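> The structure follows.
No lab work stands behind these numbers, since they all come straight from the coordinates. Source: prediction; values computed, not measured. Cβ placement follows ideal geometry from the backbone for every residue including glycine, while neighbour counts extend to all protein chains displayed.
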Amino acid sequence: MVRPIGVFDSGVGGLNVLKHCAKLLPEESFIYLADKANMPYGNKPKEEIARAAYACADTLFSLNCKAIVIACNTATVTAAEQIRSLYSTRVVVGLEPAVRPCIKELGRRGYAVALVTSATFSSERFRMLLENDKRIVPIAAPELAMMIESSKDDIPRLNQYLSGIFRDYSDAEAVILGCSHYSYIADIIRDIYGGNIKIYDGAEGAARRLKYCLEISGLAAQKGETKPTIRFLSTYKKMQNAESRMQN
Ligand code: DGL
């Protein structure tokens, strides 16, 4: 039996990461866990985010996952290191704001806005990624992930909110989507900039990293081994002692 790959986020954000993983690894099966009981991660203290993220990792590994993808920037910058040391023999792939690829491609006088959750904004890992490069302007958007989770189709509302955020940055060269939920608003941001903006999203990079990790550890599914499936789970009640109650 081919063991699945676990992917988790606090809600719908990680679905974009899942999409990239499933496209790049069509022979693999996946379990997607949306930790809705703890959404939003981005407004919680780091201990709480870490606790929720461990519980998700624990749930997915106990469902026999051969690898997990933390499809959430907030959980990755807060807890990926600890999860990796807790599960040191397992493949654990994280999703980080794509600051480095953006810095590499940024024009000398250009600058980019990195849009993140409050928890990511104040995390040490995010500060490290920024490398003190003044050409990256970090902005925390505390309400945004929840707005997207609850009404991602309310384009006028999101447009108004985002126009307010980007008003002072109309000459930015690029925007970094530093939260997996923000992949849903990429088109709105493009519209605000009249199409004249580069958008960086870490989802594709995370999928490539997953593929690489599976290959070097000999865990990649072989072509035709089994029929790939994707199972969706969601927490609906506060998890206790790393146990989640789930509904399919
Ligand atoms: N999707 C998560 C991220 O990538 C954050 C959403 C939340 O605040 O729960 O950062």
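> For every helix of n ≥ 4 consecutive DSSP H residues, a contribution of -39,500 (n - 2.57) applies; sum these over the chain, divide by its total residues, and give [θ] at 222 nm rounded to the nearest 500 deg cm²/dmol.
Theoretical 222 nm ellipticity from helices: -12000 deg cm²/dmol.
> Just to confirm a number: summing +1 for Lys and Arg and -1 for Asp and Glu over residues other than residue 135 whose beta-carbon lies under 9 angstrom from that of residue 135, what do you get?
+1
> What ranking do 31-37, 228-234 get when scored by the average of other Cβ atoms within 10 Å per residue, highest first?
31-37, 228-234
> Among 57, 220, 203, whose mean-square fluctuation peaks in a Gaussian network model of the chain (Cα, cutoff 10 Å)?
Of the options given, 220 has the highest mean-square fluctuation.
> Amide H neighbours of residue 136 under 5 Å, at least 5 residues apart or on other chains, H built in the peptide plane: list them.
112
> If a helix is a whole DSSP H run, which ones in the chain reach 30 Å or further along their own axis (Cα) and hold a mean Kyte-Doolittle hydropathy of at least -1.0?
Both cut-offs are met by no helix.
> Taking H as built 1.01 Å from N, whose amide H comes closer than 5 Å to the amide H of residue 94, not counting residues under 5 places away?
Here 70 satisfy the definition.
> Assuming R0 = 41 Å, what is the FRET efficiency of residue 222 and residue 170, from their Cβ-Cβ distance, to the nearest 0.05?
Result of the calculation: an efficiency of 0.20.
> Net charge around residue 211, counting only other residues with Cβ within less than 12 Å of its Cβ (Lys, Arg = +1; Asp, Glu = -1)?
Spelling it out: positives minus negatives among the neighbours equals -1.
> Show the residues, 5+ positions off or on another chain, whose built amide H is closer than 5 Å to the amide H of residue 199.
175
> Taking the C-alpha atoms of the range 79-142, how large are the radius of gyration and the largest Cα-Cα span, Dmax, in Å?
When restricted to Cα atoms, the range 79-142 yields Rg and Dmax of 13.8, 44 Å.
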